[in-house]
Amino acid sequence: MYTPIMKNRTQEMKVLKDFQYCFDESIVPLIEIITDKYEKRYKTDPKTGRYLMEKPDGNRRRQKIALPKTEEDIITLSEISGILQEKKAFIDFFRFTDEEYKGVNYDVSKVELSFTLSRDNKLYHKRMLELGQFPNLIPTISIKDEFEPSLRNLTNFIDELRKQNGSIAIRITDDLLERYSGLLTNQLTDQDFIMLDIRQQNFEAMFMELQEFKQLQCHARKIVLNSPRLRELYNGEYENLVFTQKINNICATKFNSYKFDGFGDFAGYKDTLPSSTGGGTGSALALIYCKAKNQFFSVVNKNSSLGMKGYNSVVDDLLNNRATIDPNFDCPILTKINSEANKKKYGNWGTWNYYSIGRYIHQQATK
């Protein structure tokens, strides 16, 4: 099983929708919920039922008057479930500490839900229990530094979730596995999943931890999670027009050697949070995954002052090397890049996150 890890940001949800056809029992995404999606509601005339309109300052056109968001308007899970069309996904109501993403200048407004859940355990439990309404969504309890439930509380939480969910998943960092090993052995069934999250650590250097995971006497299916693209690396540090040596993706091919049931990663993206800084400058980078080599072809414009405008040359170089990375000329992402280039559209940072993630998932789905 392959488990692409995606936060529920705009481009990643677009990937989820556009590449939904790639998902099956062998590819099951893990979605980290960092913000809520709300159904938009507008003021209406109580007599006629028609929308009330206003002309905002500086606008020529009248617009509908939006109503304030309420808890009843949240459609986060129903939207994801609908996109997947009954296909399965793991759902992690994401929590984090500042220490976990030290040095990341994140935008609190873009992780508002995660920020709140990280400080309100009762609300976290409440939101997790909502997953019982969606048979295709698998609740995923994440255990890591600062989010370490007592054995008793974790047992009770698992029991609560099991009342309405056919499967549950435990996501746990390698340093905490031993502490919870007895509980995991006794509480998890063959319908459940246990995910060992080794984060950005080198898979090959984790021999002892991976052996411990392998030897865990547990009925649940075992998946190892890794983040091989380091968040500390800037775009301009990648090589140009070569298969990069800066991403060691060996977890994708060596997880089988430990007889694990699957692996997961961020599909060519970094494990980071939405930035609060703009995107005016920076090196334009394309990382195109090739499953046959289990490597990423790197194309970068080193002139960071160009920012997103640097993608003009990146696209030209990428398409000139298409035969190397898409020998059958059948990759939907490369086809889209080519089509957009014909219209003189080269994309922005978000566009290229979509391209990287979509390409990686599509490659993993290729037999």
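The values are calculated or read from the model by the stated rules, or taken from the named source; none is laboratory data. Keep in mind that this is a model prediction, so the values were computed, not measured. Virtual Cβ from ideal backbone geometry, glycine too; neighbours counted across all protein chains shown. What goes into the accessible areas is simple: the full protein's heavy atoms, side chains included, and nothing from ligands, DNA or RNA. Shrake-Rupley method; radii C 1.70, N 1.55, O 1.52, S 1.80 Å.
Observations, loosely collected:
- Taking amide H as placed 1.01 Å from N in the peptide plane, I27 has its amide H under 5 Å from the amide H of Y2, each at least 5 places away in sequence or on another chain.
- Among beta bridges that DSSP assigns inside segment 131-268, antiparallel share in %, nearest 5: 5
- For E178 and E54, the difference between the fully extended length at 0.36 nm per residue and the C-alpha to C-alpha distance is 38.6 nm.
- Solvent-accessible area per residue, Å², over the chain with all protein chains present [probe radius 1.4 Å]: 50
- Computed over the chain with a Gaussian network model linking Cα atoms closer than 10 Å, the most mobile of L113, L30, L137 is L113.
- Built amide H within the under 5 Å cut-off of S283, gap 5+: N235, G236
- Loop trypsin sites (Lys or Arg not before Pro), segment 83-122 (other Cβ atoms within 10 Å of the site Cβ: 10 or fewer; DSSP): K102, R119
- Inter-part distance where segment 16-79 and segment 151-225 are each reduced to a Cα centre, Å: 35
- Relative contact order [Cα under 8 Å, 6+ residues apart], the chain, whole percent: 15
- Listed by chain and number, the aspartates and glutamates placed with their C-alpha closer than 15 angstrom to that of K7 are E32, D36, E79, D92, D107, E112, D265, D271; residues fewer than eight positions away on the same chain are left out.
- Within a Gaussian network of the chain (alpha carbon springs, distance under 10 Å), most fluctuating of L52, L210, L117: L52
- Structural descriptor for segment 182-313: relative contact order 24 percent, calculated from alpha carbon pairs under 8 angstrom and at least 6 residues apart.
- J(HN,Hα) series, segment 6-13, from Karplus relation 6.51 cos²θ - 1.76 cosθ + 1.60, nearest Hz, glycine and proline x: 9, 7, 8, 8, 4, 5, 5, 5
- In segment 1-156, one over the average inverse separation of all distinct C-alpha pairs is 18.0 Å, which is the Kirkwood hydrodynamic radius.
- Model label zone, L319; criterion: amide N under 19 Å from point 7 Å along Cα-to-beta-carbon; scope segment 238-254: 241
- From the C-alpha gyration tensor of segment 71-192, square roots of 5λ in Å: 22, 22, 13
- Accessible surface of E212, taken over heavy atoms with a 1.4 Å probe and every protein chain present, rounds to 70 Å².
- Distance (nanometres) between label positions extended 7 Å along Cα→Cβ at I250 and S150: 4.2
- Segment 161-172 - phi-based ³J(HN,Hα) in whole Hz, Karplus 6.51/-1.76/1.60, Gly and Pro as x: 5, 5, 4, 10, 10, x, 9, 9, 10, 10, 10, 9
- Reachable lysines, given that their alpha-carbon falls under 28 Å from the alpha-carbon of K47 and they are not under 8 places away in the same chain: K55, K64, K69
- Cross-link pairs exceeding 18 Å in C-alpha to C-alpha distance, out of K17/K336; K214/K293; K102/K144; K37/K88; K291/K367; K270/K336, comprise K214/K293; K37/K88; K270/K336.
- Point-to-point label distance, Y101-T185, nm (Cα→Cβ direction, 7 Å offset): 3.7
- Carbon + sulfur, % of accessible area of segment 164-223 - ligands and nucleic acids excluded, 1.4 Å: 44
- Antiparallel bridge percentage (DSSP; both residues within the chain; nearest 5): 35
- If you sort V314, V242, V104 by accessible surface, 1.4 Å probe, largest first, the order is V242, V104, V314.
- Heavy-atom accessible surface of C251, to the nearest 10 Å², is about 10 Å², with a 1.4 Å probe and all protein chains retained.
- Label corresponding to Rg and Dmax of the Cα atoms in Å when calculated from the structure given, among [x] 21.9, 70; [y] 20.2, 59; [z] 30.9, 96: [x]
- Largest first, the residues T44, T76 sort by 1.4 Å accessible area into T44, T76.
- In this simple spin-label approximation, I83 and Q20 carry label points 7 Å from Cα along the Cα→Cβ vector, and these lie 1.0 nm apart.
- Accessible heavy-atom area order of R199, R152, highest first, probe of 1.4 Å: R152, R199
- Sorting the segments 306-312, 181-187 by their residues' average number of neighbouring beta-carbon atoms within 10 angstrom, most packed first, yields 306-312, 181-187.
- Projected area, mean over directions - segment 142-201, Cα convex hull, nm²: 4.2
- q = 0.15, 0.17, 0.19 Å⁻¹: log10 I(q)/I(0) that the Debye formula gives for segment 103-154, counting C-alpha atoms only: -0.55, -0.69, -0.83
- Virtual paramagnetic centre 7 Å along Cα→Cβ of F243, amide N under 17 Å, in segment 322-363: 322-328, 360, 363
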